[in-house]
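Trainee: Mind having a look at this structure? Questions to follow.
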C-alpha cells in the first residue's frame, strides 16, 4: 500500500478501528490501553528494528542467508480469502454495504494483519477478521446516518482544512493539487470523491465531538498517563538490561550503562504534555464513539451476510 493510500485510508478510518471491539467483540479494549497507545510510534519503530535484528542474529551466517530467509517469508505471505464474499455484505437500516466496498476495506485490514502475522508466526483468523471488518463498516454507516439525522453539515472551508491536514501529514506531496492528482493515479478517486469522503469525515468528527462533550484532560489525568508511560519505559529498560548482562560489561563498565539509560530515558512531563493531551482526548472521543455505536446498533435494523 502506498503512502498516499495509507494516509487517506488511515485518516478516514482512524475512528472506526477503535469501534471494532464495541461492534463485534474484538480483542482490544481501547479504554485500558492508553499507555500502550502513547508509545505507539516508538513501539512500531523499535518493533521493525527488532525484527531485522532477530533475523540477522539468529541466522549467524551473513546477510545473503538472511536475505534468502526474508524472500522465503515474503513468498509465503497469506492471501485474503474473498471468493465467498456476497454481493451485499450487510444492510444497515435499509442501506446496503456492498461486497466490493467490503473487499476494499478487508484487503487493507488483511495486509496489516499479514505483516504482523509474519513477524509473530501466528496465523490469521480470516473469519474473525471478516466479522470485525463488517462490524466496523456497520458502525461507520450507523454514525453516518446519525450525523445526517442530526442535520450535521460540513462547509467547503472545513473540507479544505481537512485536505490541508492530509497534505501536511504526507511528506511526498507539496500541495493539495499534487495530493489529489496522486490519489487519482493510485486509487482512481476523483477530486469530487475525495472531497465527499472528507466531507463525511468532517461530519463524523462533529458528531463525535458533540457526543463526547468536554474532552479536555485535567493535569492529574496527564500526570497519571505520564507515570504509566514512564513505568512502562523503565520496565523495558530493565528487561533490555537483563538481556545484555554478562556480554562484556566488565570492560564497558558503568559508562555504557549510563549511556544506554540516557539514550532511552523518558522525556520530561512538560516535553510530553502535548502528546499526552492528544492521546487522552483521542481516548475520550473513541469511548464516546463506541458508546454511541452500541446505542445506535441496539435500535437499528442490521443484518450481516457473512
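The values are calculated or read from the model by the stated rules, or taken from the named source; none is laboratory data. What you are looking at is a predicted structure, and each value in this text was computed from that prediction instead of being measured. With ideal geometry, Cβ positions are generated from the backbone for all residues, glycine too; neighbour counts draw on all protein chains shown.
Trainee: If you take the residues of region 88-103 that are touching a residue at least 60 places away in the same chain (Cβ under 8 Å), within 26 Å of the chain's Cα centre (by Cα) and over 19 Å from residue 126 (Cα atoms), which of them is surrounded by the most Cβ atoms within 10 Å (Cβ to Cβ)?
Mentor: Filtering region 88-103 for residues that are touching a residue at least 60 places away in the same chain (Cβ under 8 Å), within 26 Å of the chain's Cα centre (by Cα) and over 19 Å from residue 126 (Cα atoms), the one surrounded by the most Cβ atoms within 10 Å (Cβ to Cβ) comes out as 92.
Trainee: Okay, next question. May I ask you to list the residues in region 156-208 that are assigned to a loop (DSSP other than H, G, I, E, B), within 30 Å of residue 284 (Cα to Cα) and in contact with a helix residue (DSSP H, G or I) (Cβ under 6 Å, 6 or more places away or on another chain)? Please lay out each step first, then the result.
Mentor: Here is the first cut: in region 156-208, the residues assigned to a loop (DSSP other than H, G, I, E, B) are 170-175, 188-190.
Then keep just the ones that are within 30 Å of residue 284 (Cα to Cα); that gives 170-171.
The answer is 170, and nothing else.
Trainee: In region 157-176, what residues are surrounded by 17 or more Cβ atoms within 10 Å (Cβ to Cβ), more than 20 Å from the chain's Cα centre (by Cα) and free of Cβ contacts under 8 Å to residues at least 60 places away in the same chain?
Mentor: Across region 157-176, the qualifying residues are 158, 159.
Trainee: Looking only at region 130-155, how many residues end up being touching a helix residue (DSSP H, G or I) at 6+ places or on another chain (Cβ under 7 Å), surrounded by 19 or more Cβ atoms within 10 Å (Cβ to Cβ) and assigned to a helix (DSSP H, G or I)?
Mentor: Total satisfying the criteria: 14.
Trainee: Could you please let me know if residue 52 is modelled with pLDDT under 90 and touching a helix residue (DSSP H, G or I) at 6+ places or on another chain (Cβ under 7 Å)?
Mentor: Criteria not met by residue 52.
Trainee: Now for a different question. Have a look at 179, 110 and point out the one that is in contact (Cβ under 8 Å) with a residue 12 or more places away in the chain and within 18 Å of the chain's Cα centre (by Cα).
Mentor: 110
Trainee: Here's a follow-up. Return the total of residues in region 284-306 being assigned to a helix (DSSP H, G or I) and in contact (Cβ under 8 Å) with a residue 24 or more places away in the chain.
Mentor: The number of residues fulfilling the criteria is 13.
Trainee: Here are some conditions: (1) at pLDDT 90 or above; (2) surrounded by 17 or more Cβ atoms within 10 Å (Cβ to Cβ). Residue 183 meets all but one. Which one does it not meet?
Mentor: Checking residue 183 against (1) at pLDDT 90 or above; (2) surrounded by 17 or more Cβ atoms within 10 Å (Cβ to Cβ), the one that fails is (1).
Trainee: Within the set of pairs 6 or more residues apart or between chains, which connect a residue that is closer than 11 Å to residue 143 by Cβ inside region 195-207 to a residue that is assigned to a helix (DSSP H, G or I) and modelled with pLDDT under 95 with Cβ atoms less than 6 Å apart?
Mentor: 201/12
Trainee: Tell me whether region 257-268 contains one or more residues that are at pLDDT 90 or above and touching a helix residue (DSSP H, G or I) at 6+ places or on another chain (Cβ under 7 Å). First the steps, then the outcome.
Mentor: If we filter region 257-268 for residues that are at pLDDT 90 or above, which is where we start, we get 268.
This time we only want the ones that are touching a helix residue (DSSP H, G or I) at 6+ places or on another chain (Cβ under 7 Å), so: none.
No: region 257-268 contains no residue that is at pLDDT 90 or above and touching a helix residue (DSSP H, G or I) at 6+ places or on another chain (Cβ under 7 Å).
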